[in-house]
Amino acid sequence: MEAGPRDTEQDAPDAQHEAGRLSPDGPDEPQVTPEVEVELRPARRLRIWQLAPIVMLAAVGSLMFAFPLAFEFGDGGAVVAMLGLLISCCAAGWGMMAARRVGHTWPGLPPRGSGERPDWRVIALYMAVCGALVALAIWRVARLR
């Protein structure tokens, strides 16, 4: 038995009749059913292989930040804590960029590409919370010395 294309004219005797109804641009008769648009791309979402390195980096960074603060490590504790804080912030930024790429937004902010302007009060609130967290972290590390 050979593998190859089938001869459709021999398999289907109605092929000549079917070919007579088609023009070079498509069927001669108008379509009876309405056209429906269907999204062919799958829904965008974060996969486990995208989240795993972000979570591992955040865990390592937070442990590096927490242990020198919880247990006195001597003079090098402040350096290790600041390095852990830096790694945690990098993981947070990486996670935010991955979430933005799949279409997630921060609560209170408009979706990407909607054309709406974000409310300045929401942005000010986010900046105040981030500023307070950074100030508390730096103050805590500075107390190690």
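The numbers here are math on the coordinates, done by the rules we state, and not lab data. Owing to the predicted nature of the structure, the values given are computational and were not obtained by experimental measurement. As a convention, Cβ positions derive from the backbone with ideal geometry for all residues, glycine included, and neighbour counts pool all protein chains shown.
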Checked the stretch 92-145 for anything among the basic types (Lys, Arg), out of contact with any helix residue (DSSP H, G or I) (no Cβ under 8 Å at 6 or more places or on another chain) and within 30 Å of residue 74 (Cβ to Cβ); matches are 143
Going through (1) more than 17 Å from residue 53 (Cα to Cα); (2) β-branched (Val, Ile, Thr); (3) under 22 Å from the mean Cα position of the chain (by Cα) one by one, residue 87 fails only at (1)
Considering residues that are in a helix (DSSP H, G or I) and not aromatic (Phe, Trp, Tyr), the number found within the stretch 85-116 is 16
For the stretch 88-110, pairs from a residue that is free of Cβ contacts under 8 Å to residues at least 60 places away in the same chain to a residue that is among the aromatic types (Phe, Trp, Tyr) and part of a helix (DSSP H, G or I), with Cβ under 9 Å and 6 or more apart or across chains, are 88/65; 106/126; 108/126; 109/126
